[in-house]
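First up is the structure itself, then whatever we jot down about it.
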Amino acid sequence: MNPTDLLSNVRTTPRRKVLISGASIAGPALAFWLNRYGYTVTVVEKAATLRSGGYPIDVRGTALEVVRRMGILPQLRDAHIDLRRLTFLDGDGGEVASVTPHTVTGGVAGRDLEVRRGDLTDALYAAVRDDVEFLFNDSIDTLDQSGHGVDVTFRGGGRRTYGMVFGADGLHSHTRELLFGPEEQFHRYLGYCFAVFTMRNTFGLSHETVMWNTPGRAAALYAVGDDDEVHAFLNFAQPEPPFDAFRNPQAQRDLVAAVFADAGWEVPGMLAALRDADDLFFDGVSQIRMPRWSSGRVALVGDAAYAPSFLTGQGTSLALVGAYMLAGSLADRDHAEGFAAYEHDTREFVTLNQGLVGEGGATLFPTTARALEQRNDRLRKLSALPSAEGRPAHSALTLPEFKPLR
C-alpha cells in the first residue's frame with residue numbers, strides 16, 4: 001500500500017469521538033488541534049457559560065508559536081495589555097524601586113504577550129465553536145474503561161461512549177481524581193495562599209502594578225489600562241494549606257482579613273472591598289507533579305497534569321503548548337503510542353518551567369525581614385538594568401510540525 005492509499009483510507013475512516021473536560025484554556029486549545037487532526041470533539045464545562053474577565057495572564061516563548069499556528073496571534077496582539085511599570089513599596093508605603101515588568105518576569109518586551117484571561121478564552125472559543133460541541137453546565141460523573149472505549153456518565157444524567165477522554169479541568173481536576181485518586185499525592189504546596197478580586201480604581205493607576213510588602217505578606221493593585229477597576233491581590237505565607245478554607249468563601253475572607261488585620265498602605269480599603277467582592281478567587285500556591293499523565297484511554301493536560309503555579313508565570317503557556325503536543329502526538333497514532341509520545345516529548349519542557357519557582361518567582365515574597373531587605377537590594381539594582389531577554393525555559397521546546405490526516 002502506498003502513502004496515497006493510506007491517506008485515502010484515513011480520510012474515509014469514521015471520525016473518532018473524544019471528550020474534553022474543561023473549557024478554560026487547555027480544553028479549547030486541545031479541541032482546536034484534535035478537530036484539525038480528524039477527531040469529533042465534545043467539550044464539557046461545569047460552568048454555565050465561558051468564564052470571561054479574570055486576571056491578566058502571560059503568553060510567552062514557545063506558546064507564542066502555538067497561538068500563531070492557530071491564527072489568533074493578531075487578535076491577541078490587539079488585546080495586549082502593555083504593563084509599563086511595576087513599583088515596589090515597603091511596609092510604610094515608601095517606594096523601594098520601580099522597574100519594567102519584564103525585568104522581573106523574564107519576559108521579552110515587544111514580543112511576549114499579557115492579555116486579560118477572558119480575551120484569550122474568547123479567542124480560543126471563537127476558533128472552535130463552529131466545529132466542536134460544547135456542553136455547558138455539566139461535568140463528568142464517572143468513567144469506565146472496561147470496554148473498548150470510555151463509558152462516561154454525566155452529572156446531568158447523560159451517558160456516552162468515547163474513544164478517548166481528556167482532563168483539562170485545572171489544578172483541582174476531577175478527571176485526575178477519577179483516574180489516579182486523591183489530589184494530595186500529586187499536590188506540591190509552595191507555602192503561600194492568595195486572593196484575587198476586583199475593586200474600584202480610586203488610586204489613579206494606569207497600566208501599572210504597585211506592590212506593598214512586609215515579611216510573609218504582599219498586597220498589590222494591578223491596573224491593566226485606564227479602567228474604573230483594578231485587580232487586587234493579597235498573598236501571604238501559610239505553612240500548611242488551609243484545606244477547610246478552600247471550599248468555604250467566608251472562611252477565605254476571614255483568613256485573609258486576620259492575616260492582614262494590622263497592615264498599612266491601602267490594605268484596609270482592599271479588605272473592605274474583599275468583603276463585598278463577587279469575583280473572589282482564593283487558592284493555595286501549588287504545583288501538580290505526576291509520574292505519568294495518562295492511564296488507558298484517558299489523559300491529562302494543562303494544570304490538571306502539571307500546574308506550575310503563578311510564581312512561574314507559565315501556567316497558560318504550558319497549557320497551550322501541552323494541548324498542541326498532545327493533539328499532535330495523536331494525529332497519526334493510537335492512544336497508547338500517542339500518549340507515550342506526548343509525555344516523552346513534552347515532559348522536559350514542563351520540568352524546566354516548573355523549576356522556575358526556584359529562579360526568582362518565590363523570592364518576590366520573602367518571609368523574613370532579612371530576606372525582604374535582600375530582595376529590595378536586588379530590585380534597586382534591577383531598576384537600572386534594561387529589560388531581560390527572556391528565560392531559556394520559556395522557549396526550551398521547538399514545536400514539531402504535525403501534519404493533519406484529512
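The values are calculated or read from the model by the stated rules, or taken from the named source; none is laboratory data. What you are looking at is a predicted structure, and each value in this text was computed from that prediction instead of being measured. Cβ: placed from backbone, ideal geometry, glycine included. Neighbour counts: every protein chain shown. These area figures cover heavy atoms from the full protein model, side chains too; ligands, DNA and RNA do not enter into them. Shrake-Rupley method; radii C 1.70, N 1.55, O 1.52, S 1.80 Å.
Take segment 339-373 and flag every residue that is open to solvent by less than 30 Å² (accessible area, probe 1.4 Å), farther than 20 Å from residue 63 by Cα and not in a helix (DSSP H, G or I).
360, 365, 366
Considering every residue within segment 278-293, establish whether at least one is assigned to a helix (DSSP H, G or I) and hydrophobic (A, V, I, L, M, F, W, C).
Looking for residues that are assigned to a helix (DSSP H, G or I) and hydrophobic (A, V, I, L, M, F, W, C), one finds none in segment 278-293, hence no.
Failed condition for residue 97, given (1) open to solvent by 10 Å² or more (accessible area, probe 1.4 Å); (2) of a type in the set (Gly, Ala, Ser); (3) more than 24 Å from the chain's Cα centre (by Cα), with all others met?
Every condition holds for residue 97 apart from (1).
For segment 82-93: of the residues being in contact with a helix residue (DSSP H, G or I) (Cβ under 6 Å, 6 or more places away or on another chain) and open to solvent by 10 Å² or more (accessible area, probe 1.4 Å), which is modelled with the lowest pLDDT?
That would be 83.
Name the single residue that is modelled with the highest pLDDT among those in segment 268-281 being surrounded by fewer than 20 Cβ atoms within 10 Å (Cβ to Cβ) and in contact with a strand residue (DSSP E or B) (Cβ under 7 Å, 6 or more places away or on another chain).
273
Among the listed residues 47, 79, identify the single one that is under 30 Å from residue 212 (Cα atoms), at pLDDT below 95 and surrounded by fewer than 19 Cβ atoms within 10 Å (Cβ to Cβ).
Answer to the selection: 79.
Got at least one residue in segment 106-128 being in a helix (DSSP H, G or I), over 14 Å from residue 317 (Cα atoms) and in contact with a Phe, Trp or Tyr (Cβ under 7 Å, 6 or more places away or on another chain)?
Among the residues of segment 106-128, at least one is in a helix (DSSP H, G or I), over 14 Å from residue 317 (Cα atoms) and in contact with a Phe, Trp or Tyr (Cβ under 7 Å, 6 or more places away or on another chain), which makes the answer yes.
Name every residue in segment 138-155 that is under 24 Å from residue 303 (Cβ atoms), in contact with a Leu (Cβ under 8 Å, 6 or more places away or on another chain) and open to solvent by 20 Å² or more (accessible area, probe 1.4 Å), in order of residue number.
If the condition is that a residue be under 24 Å from residue 303 (Cβ atoms), in contact with a Leu (Cβ under 8 Å, 6 or more places away or on another chain) and open to solvent by 20 Å² or more (accessible area, probe 1.4 Å), then 142, 143 are the ones that fit.
Given the conditions (1) within 20 Å of residue 21 (Cβ to Cβ); (2) open to solvent by less than 10 Å² (accessible area, probe 1.4 Å), report the number of the one that residue 284 does not fulfil.
Tallying (1) within 20 Å of residue 21 (Cβ to Cβ); (2) open to solvent by less than 10 Å² (accessible area, probe 1.4 Å), residue 284 fails exactly one: (1).
Give the residues of segment 171-230 that are assigned to a loop (DSSP other than H, G, I, E, B) and of a type in the set (S, T, N, Q), sorted by residue number.
Within segment 171-230, 173, 201, 202, 206 qualify.
Cβ-Cβ distance below 8 Å, separation of 6 or more or different chains: which pairs start in segment 139-156 with a residue that is free of Cβ contacts under 8 Å to residues at least 12 places away in the same chain and closer than 13 Å to residue 19 by Cα and end on one that is surrounded by 13 or more Cβ atoms within 10 Å (Cβ to Cβ) and of a type in the set (S, T, N, Q)?
Final answer for the pair search is 151/145; 151/161.
Name the residue that is farthest from residue 69 (Cα to Cα), counting only residues in segment 101-137 that are open to solvent by less than 10 Å² (accessible area, probe 1.4 Å) and modelled with pLDDT of 95 or more.
Checked segment 101-137; the qualifying residue farthest from residue 69 (Cα to Cα) is 121.
Condition test on residue 336, is it open to solvent by 10 Å² or more (accessible area, probe 1.4 Å), farther than 26 Å from residue 38 by Cα, free of Cβ contacts under 8 Å to residues at least 40 places away in the same chain and out of contact with any strand residue (DSSP E or B) (no Cβ under 6 Å at 6 or more places or on another chain)?
Considered against the rule, which asks whether it is open to solvent by 10 Å² or more (accessible area, probe 1.4 Å), farther than 26 Å from residue 38 by Cα, free of Cβ contacts under 8 Å to residues at least 40 places away in the same chain and out of contact with any strand residue (DSSP E or B) (no Cβ under 6 Å at 6 or more places or on another chain), residue 336 comes out as no.
How many residues does segment 212-262 contain that are open to solvent by less than 20 Å² (accessible area, probe 1.4 Å) and touching a residue at least 60 places away in the same chain (Cβ under 8 Å)?
8
Is at least one residue of segment 162-171 farther than 22 Å from residue 314 by Cα and either open to solvent by 60 Å² or more (accessible area, probe 1.4 Å) or not aliphatic (A, V, I, L, M) (or both)?
Yes.
What residue, among those in segment 57-76 that are touching a residue at least 40 places away in the same chain (Cβ under 8 Å) and either surrounded by fewer than 18 Cβ atoms within 10 Å (Cβ to Cβ) or of a type in the set (S, T, N, Q) (or both), is nearest to residue 357 (Cα to Cα)?
In this case the residue turns out to be 62.
Give me the residue from segment 8-35 that is of a type in the set (D, E, K, R) and either open to solvent by less than 20 Å² (accessible area, probe 1.4 Å) or at pLDDT below 95 (or both) and, out of that set, farthest from residue 171 (Cα to Cα).
Our first condition is that a residue be of a type in the set (D, E, K, R); within segment 8-35, this holds for 11, 15-17.
Adding the requirement that they be either open to solvent by less than 20 Å² (accessible area, probe 1.4 Å) or at pLDDT below 95 (or both) leaves 11, 15-16.
Details: 11: 37, 15: 30, 16: 28 Å.
Step by step, filter segment 8-35, then rank; the result is 11.
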